[in-house]
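I have placed the structure first, in the form of structure tokens, so that the comments after it can refer back to it.
The values are calculated or read from the model by the stated rules, or taken from the named source; none is laboratory data. All of these numbers come straight from a predicted model, not from anything done at the bench. Neighbour counts run over all protein chains shown; Cβ positions are idealised from the backbone, glycine included.
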Amino acid sequence: MNAFHDRVTTRRKFLKETLFGVAFLSVSRLMPSEALLAGELSQVPKNLLFFSPREYLIFESVAERIIGLPRPGQPGVKDVGVASRADEFLAGADPEVQDQLHQLFTVFNAPFFTFLFDLRFVSFVNMSGPDKDSYILDWMTSKFGFRRTAFQALKRVSLSMFYTDSRSWKEIGYEGMFMPEDRR
Amino acid sequence: MIVRSSEINGPVRESADVCIVGSGCGGGASAKVLAEAGKKVIVVEEGGYYTSKDFDATEQTAYQHLYQQRAGQATDDLAVTVLQGRCVGGSSTVNWTTSLRTPDFVLEAWRRDYGVRGLSSKELEPYFERVERYLSIHNEPVENHNPNNRLILDGAKKLGFRASAVGRNTKDCVKAGACGLGCPYDAKQSVDITYIPDAVKKGATVFANFRANKIEVTSKTKRVSGIVFDHQTQKPKTNFIIEAPVVIVAASAINSPVLLLKSNLANSSGELGKNLTFHLTSAVLGVFDEIMYGAGGIPQSAMSDEFLNKNHDGGGFWLEAVPVYPTLAALALPGFGSIHRELLHQYPHIGATIILVKETDSNGRVTVNDHGRASISYTLRDKDLGYLKQGVAVGARVQFAAGAKRVITLHARLTEFNSPDEIDHKLAASNWGMNEIGLYSAHPLGTCRMGSDPRKSIVDDHCQTHDVKGLFVIDGSVTPTSLGVNPQVTILAIAEKSAEWIAGNFTDIKAR
């Protein structure tokens, strides 16, 4: 039997697997780490539907690394409004998924966990670009199933929000669909 | 008539001869047959009602309005993305038109292993013929295959593998490629423009944005109740109750068991929600010198069935093409960041071949989560994992034979071959665990399986639940096994046959 598929990983089990993380959340929140965030919080759109302002910044930072930095003339995460679009998208998600994502953003960013997972006592948003990539790669290839699941969640939301937007199409050579003449 | 929730201003209380939950292949075909037989039919559909004028052929609009969970539905561990329609017409509105009969060896296994009667190839023949005629199912001539489909025919032929065109349910197709996004031309003969309008012509009523939450059974009738949603905000607007002596659950292999589990019905066997099969799917992406542009042209018109049931064990795999829409491509490509973005720059040159595994030893389960929604789990076991690995290798060889310069798998870590010689050792070194390889399903089946033994199955040969007379399940959840082919023709044929039986025995069913 396949090592990773021989047990049924339900959402409940997924939550249980991350409970060790939740137990430390209160500790991690006390850590001095997010000086950079403070200035940027004022830039976050008001009236968010799903993210807290802090989660919004964390997600935007993750999305930038997952989508990849643009070459000159290509759109970036902010150009397409990936975080705002994700906020609207996730506001309509299954409540259980929403709960897990809120949990994930805290675990993913908290210095306690970046230290635990990557031996760096710095929050994700305060890492350098290469360090962020290295940290994300660790999640993608982790031997712990819940970290790979978390990476998948972040990748799916980031890429979906970027590539469903027509501003991303020119770069990859997608021309849109052939539509009836009266609707082109 | 088809009623949108915007036309609803207060609680809905209706009665009918038959209430059908779901308007996809199972629900739509049942509605037509029963309405034509003179029954008062009410269909409740969780998703919205859209027409070709609403379809703008973008992934954004389609995923948001036409797909379950905005195309984000997945197993709980996110290892398998499960694509399903959520609109009037169900998955037929967003599928890629492939229309194939149930293989003989599958129907024989249902008879032999599950005691299913009345569904042999011979007995289904008139229903297959009727469905094929009604939906204009035909094979495309060779000049109509786009490069992405032609590569399967060419590559398989060079390797000596069997390959051919597949049936498609289209009429006057303009080859735009938008099948998966809702056909803007009404060329695809999906349920929303065929069975449903014909049912409505005979008096059926379809309520869109009505989510059934519970079925209650009394001595006199059955009561389906649920919530009416605002079609724009998706927020609850009011509630509904439909009373009918006959209820057909046709909400798909994911949501039919959820509704029955929440209603505490039809589960004396303990099998409800179990036996989920996915027709588990992965892909290989070939990079060609020439432009492939897999988003354009007919998305799925060819296949290779060389390896389906080749070992006479009821398993194996099948190769088909897939439309290379930008978001689908982005999600499928491995890795992230600059490597991922550079890969996407090859987009016009990518040809995509999917590998669909007909399960033998793998299965999953649908349960109900704390919020009353589906919780999906799936276990991939050794034999089917072996077929998946073999399928990826064969798919890569077909791509090379058709002219690919390099071939990429869907492994999370970039796994690519620059020649066929690299395939075997690189695949042997790859990880195949949960979320280490991209996996999909567009054909979930089997969670309310049919059989003669009430201890091991949910419904009988007529799709009537063993436990509750007058309560039927008619959709992909009744298939006892994975099909190995795209399921819409199977579901339509079973639905037409079962609905005919209901119409012919209505007085008796109603009296019980």
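Results, tabulated for the structure shown:
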read-out	value
Looking only at region B:71-101, and only at residues there that are part of a helix (DSSP H, G or I) and at positive phi, the one that is modelled with the lowest pLDDT	B:ALA71
All positions within region B:353-385 that are more than 30 Å from B:PRO147 (Cβ to Cβ), out of contact with any Asp or Glu (no Cβ under 8 Å at 6 or more places or on another chain) and more than 10 Å from chain A (Cβ to nearest Cβ)	B:ASN363, B:VAL366, B:VAL368
Filter result (crowded, with 23+ Cβ neighbours inside 10 Å and either within 23 Å of the chain's Cα centre (by Cα) or within 14 Å of chain A (Cβ to nearest Cβ) (or both)) within region B:389-409	B:GLY391, B:VAL392, B:GLY395
Residue that is assigned to a loop (DSSP other than H, G, I, E, B), buried (at least 20 other Cβ atoms within 10 Å of the Cβ) and at pLDDT 95 or above, where the choices are B:ALA266, B:ALA330	B:ALA266
Set B:ASP113, B:ASP56, B:ASP104, B:ASP77: member being more than 16 Å from B:LEU492 (Cα to Cα), surrounded by fewer than 24 Cβ atoms within 10 Å (Cβ to Cβ) and either within 18 Å of the chain's Cα centre (by Cα) or within 14 Å of another protein chain (Cβ to nearest Cβ) (or both)	B:ASP56
Count - residues of region B:416-475 that are out of contact with any Phe, Trp or Tyr (no Cβ under 8 Å at 6 or more places or on another chain) and among the small types (Gly, Ala, Ser)	7
Qualifying residue in region A:151-163 (condition: at the interface with chain B (Cβ under 7 Å from one of its Cβ atoms) and under 30 Å from B:ASP186 (Cβ atoms))	yes
Answer residue from region B:497-512, given it is modelled with pLDDT under 95 and aliphatic (A, V, I, L, M) and is nearest to the chain's Cα centre (by Cα) among those	B:ILE509
Neighbours by Cβ (under 7 Å, 6+ apart or cross-chain): first from region A:82-97, over 11 Å from A:VAL157 (Cβ atoms) and facing another protein chain (nearest Cβ under 7 Å); second not in a helix (DSSP H, G or I) and not β-branched (Val, Ile, Thr)	A:GLY92/B:GLN234; A:ASP94/B:HIS371; A:ASP94/B:ARG373; A:PRO95/B:HIS371; A:GLU96/B:ASN369; A:GLU96/B:ASP370; A:GLU96/B:HIS371
Selection from region A:71-80 of residues that are away from every other protein chain (no Cβ under 12 Å), in contact (Cβ under 8 Å) with a residue 60 or more places away in the chain and assigned to a loop (DSSP other than H, G, I, E, B)	none
Helices (runs of 4 or more DSSP H) contained in region B:102-180 and holding at least 3 residues over 30 Å from B:ALA393 (Cβ atoms)	B:104-114, B:121-134
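Okay, residues lined up against (1) in a loop (DSSP other than H, G, I, E, B); (2) not basic (Lys, Arg):
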{"site": "B:SER6", "(1), (2)": "no, yes"}
{"site": "B:GLY10", "(1), (2)": "yes, yes"}
{"site": "B:ARG13", "(1), (2)": "no, no"}
{"site": "B:CYS19", "(1), (2)": "no, yes"}
{"site": "B:SER23", "(1), (2)": "yes, yes"}
{"site": "B:ALA31", "(1), (2)": "no, yes"}
{"site": "B:ALA35", "(1), (2)": "no, yes"}
{"site": "B:VAL44", "(1), (2)": "no, yes"}
{"site": "B:TYR50", "(1), (2)": "yes, yes"}
